[in-house]
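The values are calculated or read from the model by the stated rules, or taken from the named source; none is laboratory data. A quick note: this is a predicted structure, and the numbers were derived from the prediction, not measured. As a convention, Cβ positions derive from the backbone with ideal geometry for all residues, glycine included, and neighbour counts pool all protein chains shown.
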Amino acid sequence: MKKENIRWIIRIVLISVILSTMFTLISAAALTETGYILALIVLLALIFLGIVFDMVGVAVTAARQEPFHAMAARREQAAKQAIALVKNADRVASFCNDVVGDIAGIVSGAGAAAIAARLVLDFGFSALGVSLIISAVVVGVTIGGKAIGKTLAMRNSTEIVLLTARMIYRVRWIFGRGKH
């Protein structure tokens, strides 16, 4: 295995651990220390995050570079970032789908379990019944959302990659890492 690939693997594992820790801490605080409405919003946000990142991962693998080269020639500010995303589609897809997407899925599953446990404790509902219902809804929304997202990503890959590139460009510009 190439030295560059080993560095990438080590880096992605470290990023995964850091992101997982952050997602878990934030969601644990929101899901255990707040009301049901905020807990539901956090849970839905985690599911949505997984769906969006899954879409981006699929879009970068489906997109072609040529439209972005044309945009770069017309001085589209984020075109170079879009080209970089498509050139590194394997790594971008791995990060989006395998790191963020999987972490969001795992943490949303844990969040669903936390909400189910609170419902059982607070209202005396059947643990099995509540767990089954909440798990089924979370799985259905996640899988359905990802299926819709993948279809949209395949059909609109250029637009999704460009939107992602524009967001990255703006964040980099805000933090002084982009060209002004």
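In region 2-10, is there at least one residue being of a type in the set (D, E, K, R), part of a helix (DSSP H, G or I), surrounded by 11 or more Cβ atoms within 10 Å (Cβ to Cβ) and out of contact with any Asp or Glu (no Cβ under 6 Å at 6 or more places or on another chain)? Break it down into steps so the answer makes sense when it comes.
The first filter runs over region 2-10 and keeps only residues of a type in the set (D, E, K, R), leaving 2-4, 7.
Now narrow it down to the ones that are part of a helix (DSSP H, G or I): 3-4, 7.
If we keep only those that are surrounded by 11 or more Cβ atoms within 10 Å (Cβ to Cβ) as well, we get none.
For region 2-10, residues of a type in the set (D, E, K, R), part of a helix (DSSP H, G or I), surrounded by 11 or more Cβ atoms within 10 Å (Cβ to Cβ) and out of contact with any Asp or Glu (no Cβ under 6 Å at 6 or more places or on another chain): absent.
Identify, by number, the condition in (1) buried (at least 22 other Cβ atoms within 10 Å of the Cβ); (2) more than 18 Å from the chain's Cα centre (by Cα); (3) closer than 23 Å to residue 156 by Cβ; (4) modelled with pLDDT under 95 that residue 77 doesn't meet.
Residue 77 satisfies all of (1) buried (at least 22 other Cβ atoms within 10 Å of the Cβ); (2) more than 18 Å from the chain's Cα centre (by Cα); (3) closer than 23 Å to residue 156 by Cβ; (4) modelled with pLDDT under 95 except (1).
How many of the residues making up region 136-180 are modelled with pLDDT under 95, assigned to a helix (DSSP H, G or I) and of a type outside the set (A, V, I, L, M)?
Qualifying residue count for the region: 4.
Among the candidates 99, 86, 42, single out the residue that is at pLDDT below 95, part of a helix (DSSP H, G or I) and over 12 Å from the mean Cα position of the chain (by Cα).
After applying the criteria, what remains is 42.
With 93, 72 as the choices, which residue is in contact (Cβ under 8 Å) with a residue 12 or more places away in the chain and either surrounded by 15 or more Cβ atoms within 10 Å (Cβ to Cβ) or under 30 Å from residue 141 (Cβ atoms) (or both)?
93
With respect to residue 63, determine if the residue is crowded, with 16+ Cβ neighbours inside 10 Å and either more than 16 Å from residue 138 (Cα to Cα) or in contact with a Pro (Cβ under 8 Å, 6 or more places away or on another chain) (or both).
yes
So in region 153-169, with the set limited to residues that are in contact (Cβ under 8 Å) with a residue 40 or more places away in the chain and more than 11 Å from residue 62 (Cα to Cα), which one is nearest to the chain's Cα centre (by Cα)?
Of all residues in region 153-169, those in contact (Cβ under 8 Å) with a residue 40 or more places away in the chain come to 153-154, 156-158, 160-162, 164-166, 168-169.
Restricting the remaining residues to those that are more than 11 Å from residue 62 (Cα to Cα) gives 162, 164-166, 168-169.
Working: 162: 17, 164: 12, 165: 15, 166: 17, 168: 14, 169: 18 Å.
Ranking the candidates gives 164 first.
Among the residues of region 145-155, write down those that are closer than 26 Å to residue 67 by Cα and either loosely packed, with under 14 Cβ neighbours inside 10 Å or small (Gly, Ala, Ser) (or both).
Within region 145-155, 147, 148, 149, 151, 153, 155 qualify.
Of these, 164, 142, 158, which one is touching a Gly at 6+ places or on another chain (Cβ under 7 Å) and surrounded by 16 or more Cβ atoms within 10 Å (Cβ to Cβ)?
Exactly one of 164, 142, 158 is touching a Gly at 6+ places or on another chain (Cβ under 7 Å) and surrounded by 16 or more Cβ atoms within 10 Å (Cβ to Cβ), namely 142.
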